[in-house]
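Below you'll find the structure, written out as structure tokens, and then a few comments.
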Amino acid sequence: MIGVDTNVVVRILSEDDSAQVRAAVARFLSARTADDPAYISAVVLTEAVWVLRSKMGYSRHSISSALAVLLDSGELRFEHADRLRALLEKPMPAKVELTDYLIAWCAESAGCSRTVTFDRRAAKSVPGMELLA
């Protein structure tokens with residue numbers, strides 16, 4: 001398995017760079033198989049979502065749709081894939097970001113009983129998040 005950095009995921013999802021970069025990404029992905037997949041960690045996914053939303057102006061819906069397609073690829077493995085797939089199958093509450101879920105899932109995986117936040121919407125909507133007051 002080969003880990004993938006944020007900039008590669010952004011290129012996969014946005015196809016916004018030069019033909020040379022697109023060709024390199026295409027070559028890399030075409031060499032991946034179910035036995036030798038590319039791995040996308042929660043940190044990379046969180047950062048990629050932030051770049052796509054904040055810097056490139058992608059909507060939550062377009063990002064979610066693109067991620068759902070990538071999740072079905074046998075050549076890619078995602079940290080928290082099952083939870084991510086289930087989350088993307090239903091509409092997320094308004095103003096709650098996918099990244100809030102990833103943060104809570106990572107903390108839970110590390111053995112945390114909860115994740116504290118000042119984000120009221122996340123505290124209400126994301127299991128495992130609690131408002132720090």
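The values are calculated or read from the model by the stated rules, or taken from the named source; none is laboratory data. Since this is a predicted model, take the numbers as computed values, not measurements. Every residue, glycine among them, receives a Cβ derived from its backbone with ideal geometry; neighbour counts consider all protein chains shown.
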Discussion item. Against the conditions (1) assigned to a strand (DSSP E or B); (2) at pLDDT below 95, where does Val116 fall short? Just the number, please.
Written reply: (2)
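Check Ser41, Ser18, Ser14 and return the single one that is closer than 26 Å to His61 by Cβ, at pLDDT below 90 and either outside the structural domain of Arg85 (by TED's automatic domain parsing) or of a type in the set (S, T, N, Q) (or both). Let's see the steps before the verdict.
Numbers: Ser41 fails: at pLDDT below 90; Ser18 fails: closer than 26 Å to His61 by Cβ.
Just one listed residue meets the conditions, Ser14.
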Worksheet, complete the sentence: Within the range 16-36, residues being in contact with a helix residue (DSSP H, G or I) (Cβ under 6 Å, 6 or more places away or on another chain) and either under 14 Å from Leu67 (Cβ atoms) or not in a helix (DSSP H, G or I) (or both) number 1
Fill in: Failed item, numbered, when Glu79 is tested on (1) at pLDDT below 90; (2) in the same structural domain as Val43 (by TED's automatic domain parsing)
(1)
Discussion item. Quick check on Glu75: is it of a type in the set (D, E, K, R) and closer than 18 Å to Ile12 by Cβ?
Written reply: yes
Practice prompt. Check off (1) under 15 Å from Glu75 (Cβ atoms); (2) in contact with a helix residue (DSSP H, G or I) (Cβ under 9 Å, 6 or more places away or on another chain); (3) of a type outside the set (D, E, K, R) for Tyr39 and give me the number that stays unchecked.
Written response: (2)
Discussion item. Of the residues Val116, Val44, only one is aliphatic (A, V, I, L, M) and farther than 21 Å from Glu15 by Cβ; which?
Written reply: Val116
Response to the item:
Considering residues that are in contact with an Asp or Glu (Cβ under 8 Å, 6 or more places away or on another chain), hydroxyl-bearing (Ser, Thr, Tyr) and more than 26 Å from Val96 (Cα to Cα), the number found within the range 1-52 is 1
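Kindly indicate the residue of the range 24-62 that is of a type in the set (Val, Ile, Thr) and more than 9 Å from the chain's Cα centre (by Cα) and also nearest to Ser109 (Cα to Cα) among those meeting that condition.
From the range 24-62, those of a type in the set (Val, Ile, Thr) are 25, 33, 40, 43-44, 46, 49, 51; that's our starting set.
Restricting the remaining residues to those that are more than 9 Å from the chain's Cα centre (by Cα) gives 25, 33, 51.
Details: Val25: 30, Thr33: 27, Val51: 25 Å.
Result: Val51.
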